[in-house]
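The values are calculated or read from the model by the stated rules, or taken from the named source; none is laboratory data. Since the structure is predicted, the reported quantities are computational estimates derived from the model, not experimental observations. A quick note on method: Cβ atoms are made from the backbone with ideal geometry, for glycine too, and the neighbour counts reach across all protein chains shown. The area values use the complete protein model at the heavy-atom level, side chains included, leaving out ligands, DNA and RNA. Shrake-Rupley method; radii C 1.70, N 1.55, O 1.52, S 1.80 Å.
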Amino acid sequence: SSFVIPATCCGHRSCPCIFPLLTINSFFQLPLALLQERDKQAKWHGIPELLQKLHESSHPNSDLSHTHGVLKELSSLLSMEAMSFVTEDRKSAQESTFPITYTFDLFGGVDVIHSLYFVPAVNDDLVNDCLSVLYNCCICTEGVTKSLAARDDFVLFLFTLMTNKKTFLQTATLIEDILGVKKAMIQLEGIANLSGLVQSFDQQQLANFCRILSVTVSEPDVGNDDKHTLLAKNAQQKQNSSLSRAEVNQVTLLNIPGFIERLCKLATRKVSEATGASNFLQELEDWYTWLDNALVLDALMQMATEESEHTKPTGRLSLATSPLRHRLPQSMKIIHEIMYKVEVLYVLCVLLMGSHRNQVHKMLAEFRLIPGLNNLFDKLIWRKYTSSNHVVHGQSENCDCSPEISFKIQFLRLLQSFSDHHENKYLLLNSQELNELSAISLKANIPEVEALVNTDRSLVCDGKKGLLTRLLTVMKKEPQDSSFRFWQARAVESFLRGATSYADQMFLLKRGLLENMLFCIIDSGCKSKDVLQSYFDLLGELMKFNIDAFKRFNIYVSVDNKFQTFMTQINSSLVDSNMLVRCIILSLDRFESQTEDIKVVEVLSECCLLSYLARVENRLSFLFRLVNIINVQTLTQENVSCLNTSLVVLMLARRKGKLPFYLQALREKEHAEKYPGCLLNNFHNLLHFWQRHYLNRDKDSTCLENSSCIPFSYWNETVSVLLGSDRTSLCAIGSYIDEPFMDLDRDLLEY
């Protein structure tokens, strides 16, 4: 390969770019005296000379006796610069005209190191030195990382180095950096003897390996909001009808014997079980590889402080003089174990959401993941002295936050994925709590749900409380501005999602969840849209079809104008609250058919919320806004629920023969707003998209049916009626659009 003079060359006589275009071989034939003379002028720190020596050692039968010393010298130079890049000196290092790493790269250092790997006589120490050099280069120069990432054969070769415990950590860290910038996701099946490699790892190595796996099993973030629209996703799925690389990698991992079982053991092991026979210095060397940001060390020091809260502080904390230095190793073990578990839980969570979900679910149940996490809840996951009063941050697995926050959020994400629309959700309870569900069903004279009856009680939680109950306890105590509230509400909501279970709802109502949610929405002053949306969604699932919940609701909001405050919150962001509105409308429809029940009649007559939605003008107001705030081009997974809620309103109207009345009201509304045809044309386009989107998705259509208790066939039939081409039909949208305003957006609708 040739050296290319950068376009940014300053033209100074000491600039290395002024060398003529040289091949690597011709460069290494330059006289040593010339290089040394130019080195003094350009301040290259002797790097060209060191690379010449390495190049001489890169041939098959070379003498490697001096190579170790040369690599150590290079590594020392590069590590100093790398350190400046990850500390407060980073800015000055970047502004340096010719950083050490830049010079190393310019003179072909990466190619030289690459060639050394394939010299037969290279030993473990030399391999480790080479890894150190490359890793430090990657820290300072992204171009080096990208160059290595483009060498597929080299990336696959790096995996073979992980079989050696001496080089494992350095290799794993370098692979992680390389995969982070690699454009095409690596195929795990291309790694030689992957199954044997993974099975050779001890538990600590496997935990480290999960950091690499997290990049290979999850779909890449497209990073563009436009590509997150359902329109764009559908188009992409048409182009990529086969399994994605991430899905193929997931299948590859599931086929490795014992892989899931070992991850479950890692996720649930206690800190005392993780120490083994390793001494502190070995732990410290391992720990060093994890110090990716200062937040890790901050968390470590905070924990050490909290462990010694009875020790009176004496000024600024110093590890050298403070008695906390004796407590630090145990704190380090705790935070280290937490960081391992974050990666393990992430991989398990991704696999749970993949195309082989049922297979993963079966294995997680068999290997007792949930009971194991329940046993860790108080002592590690939600330790009493851990502060959780953090500002709300982005709900992303890539969020830059401390290890303990990441651990809690990943734990909650796993619970959400585990419970969502799956019968194994009852493993989150213990035997006594399962008996309580059975008693609730018996008292209400309703049959137990099949999933509860079929739950294997040998796999449920142990102890006085199940995992769901423990989560409810900390959720109610969580500060109002805590970043965990969003994920806590999502995890609990997932337990309720699917076919509505009266017993499940009453189990949570008896523990004060409804009052807690209403307090958070009405009285807490919560301003976060994400958190409020999670409250609304949870409240909707908790109250749906449950007359006791509506009675409790009415008692809570009947004082101090709380109902008005509640409705203000709902109306302030209908995208966030529409699922709750849908649940109320569905519940009202069911209650109106149960007028023989005295309790139902009583609540119907007294509940201000049901009375509000019973008024046609209020339903029409919601319907108009729901249709008006979305269009085909802006539909996402987050706001498509608005379309389905509007459909629920019209389906219920159709059942009662009032569909023409609602369509006429929409027509009158758009004319009153001076936009004739705009609203109805938009709704027409949305329903066309709905047909294409849902008719090809069994899972999504099943979710619609289960959550609404309306057969999907009726959903589909209603959409077909609304899209009918007969302009004389009083149930077809087209009948209410004047001819001049038909198909206003036809030219914009390409899907």
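Can you say whether SER725 is polar (S, T, N, Q) and not in a loop (DSSP other than H, G, I, E, B), as far as the supplied structure shows?
No: the conditions fail for SER725.
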(request) Tell me which residues, restricted to region 175-204, are touching a Pro at 6+ places or on another chain (Cβ under 8 Å) and of a type in the set (S, T, N, Q). (result) SER195, GLN199
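Answer yes or no: is there a residue in region 187-200 that is β-branched (Val, Ile, Thr) and farther than 24 Å from ALA82 by Cβ.
Yes: region 187-200 contains one or more residues that are β-branched (Val, Ile, Thr) and farther than 24 Å from ALA82 by Cβ.
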(request) Take the residues in region 110-131 that are out of contact with any Ser or Thr (no Cβ under 7 Å at 6 or more places or on another chain) and at pLDDT 85 or above, then tell me which one is farthest from ARG38 (Cα to Cα). (result) CYS130
(message) Restricting to region 514-537, and then to whatever is polar (S, T, N, Q) and part of a helix (DSSP H, G or I), can you tell me which residue is least open to solvent (accessible area, probe 1.4 Å)?
(response) SER534
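Take the residues in region 728-742 that are in a loop (DSSP other than H, G, I, E, B) and of a type in the set (Val, Ile, Thr), then tell me which one is farthest from GLU668 (Cα to Cα). Steps first, please.
Taking region 728-742 and keeping what is in a loop (DSSP other than H, G, I, E, B), we get 728-732, 737-738, 742.
Filter once more, keeping what is of a type in the set (Val, Ile, Thr): 728, 737.
Numbers: THR728: 18, ILE737: 11 Å.
The residue in question is THR728.
When you go through CYS678, CYS703, CYS709 one by one, which is the residue that is open to solvent by 20 Å² or more (accessible area, probe 1.4 Å), touching a residue at least 40 places away in the same chain (Cβ under 8 Å) and at positive phi? Outline the logic, then answer.
Working: CYS678 fails: at positive phi; CYS703 fails: at positive phi.
Going through CYS678, CYS703, CYS709 in turn, just one is open to solvent by 20 Å² or more (accessible area, probe 1.4 Å), touching a residue at least 40 places away in the same chain (Cβ under 8 Å) and at positive phi: CYS709.
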(message) Can you say whether GLY540 is in contact with a Cys (Cβ under 7 Å, 6 or more places away or on another chain), among the small types (Gly, Ala, Ser) and open to solvent by less than 10 Å² (accessible area, probe 1.4 Å), as far as the supplied structure shows?
(response) yes
(message) Can you tell me which condition ILE446 does not meet? The list is (1) part of a helix (DSSP H, G or I); (2) over 21 Å from ASP378 (Cβ atoms), and all the others hold.
(response) (1)
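Does ALA451 qualify as being of a type in the set (Gly, Ala, Ser) and open to solvent by 60 Å² or more (accessible area, probe 1.4 Å)? Spell out how you get there, then give the answer.
Working: of a type in the set (Gly, Ala, Ser): yes; open to solvent by 60 Å² or more (accessible area, probe 1.4 Å): no.
Judged against the criteria, ALA451 is not a match.
Residues are listed down the side, and each one gets a yes or a no for (1) modelled with pLDDT of 95 or more; (2) open to solvent by less than 20 Å² (accessible area, probe 1.4 Å):
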{"site": "CYS401", "(1), (2)": "no, no"}
{"site": "ILE409", "(1), (2)": "no, yes"}
{"site": "LEU412", "(1), (2)": "yes, yes"}
{"site": "LEU415", "(1), (2)": "yes, yes"}
{"site": "HIS421", "(1), (2)": "no, no"}
{"site": "LEU428", "(1), (2)": "yes, yes"}
{"site": "LEU459", "(1), (2)": "yes, no"}
{"site": "GLY466", "(1), (2)": "yes, yes"}
{"site": "THR469", "(1), (2)": "yes, yes"}
(message) Would you confirm, using the coordinates I've provided, whether LEU679 is in contact with a Lys or Arg (Cβ under 8 Å, 6 or more places away or on another chain), modelled with pLDDT under 95 and assigned to a helix (DSSP H, G or I)?
(response) yes
(request) From the list ARG692, ARG667, pick out the single residue that is open to solvent by 40 Å² or more (accessible area, probe 1.4 Å), within 39 Å of the chain's Cα centre (by Cα) and touching a residue at least 12 places away in the same chain (Cβ under 8 Å). (result) ARG692
